[in-house]
Amino acid sequence: MYYSGSDPYAVRMAFHVGTDEPVEWIFARELLAAGIESRHGEGDVQVWPSAQSCAETDGLDVIGAADTEGAVLNIELSSPFGQAHFEAPAAAMSAFLRRTYQIVPAGQESDYIDLEAELNDLLRQANNLIYDEAPVWFFNYNKAVLAYQPWIHGLQANPTEITHQYPEDIWVDAKSPAK
């Protein structure tokens with residue numbers, strides 16, 4: 001598990017699942033904290049406490065060393081690639097959360113984020129995605145504008161001619177990342 005004050009709302013968990021690289025999940029610290037008390041989470045991540053391990057009660061196979069004594073925190077993850085159920089000692093998870101609150105107290109997370117810089121970074125990433133990866137992008141606001149990648153040929157760059165483009169005259173050269 002990993003927590004950083006530079007990303008104060010998030011907790012990162014890396015799971016070693018038999019591949020070269022661990023699988024990392026990022027979810028809300030608040031979700032983990034709420035899951036210590038009762039079942040929480042919708043969608044991909046659900047967290048809830050149990051008085052004892054499900055492996056004990058359900059006769060499940062356990063991978064790795066398992067300490068099945070005492071209360072546990074259940075963490076269930078699902079994605080299009082599958083589902084996984086993990087258990088961790090509730091006391092250890094509570095201790096981890098206490099340490100995160102020493103770094104960034106609950107309710108003060110926004111003090112540790114430069115929201116304007118984060119928004120500018122997201123907008124820069126979106127702009128790069130459009131510029132670098134979009135083969136053709138049309139935008140219309142009072143004036144017709146045509147933006148296209150250098151590997152697209154045959155488009156008329158004259159905005160008044162946008163409505164008179166013929167698809168059979170447009171071609172993509174070999175420099176396109178899609179080829």
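Straightening the chain between Arg39 and Leu122 buys 26.6 nm, computed as 0.36 nm per residue apart minus the Cα-Cα spacing.
Other residues within the sphere of radius under 12 Å centred on the Cβ of Leu77, judged by their own Cβ, net out at -3 (K and R +1, D and E -1).
Determine, from the Cβ-Cβ distance of Val17 and Glu168 and an R0 of 45 Å, the FRET efficiency 1/(1 + (r/R0)^6), rounded to the nearest 0.05. Result of the calculation: an efficiency of 0.35. Taking the convex hull of the alpha carbon positions in region 10-113 and averaging its projected area over all directions gives 7.8 nm².
Where a number appears in this text, it was derived from the coordinates with a stated rule and is not lab data. The structure displayed is predicted, hence computed values, not measured ones. Ideal geometry is used to build each Cβ from the backbone, glycine not excepted, and the neighbour counts take in all protein chains shown.
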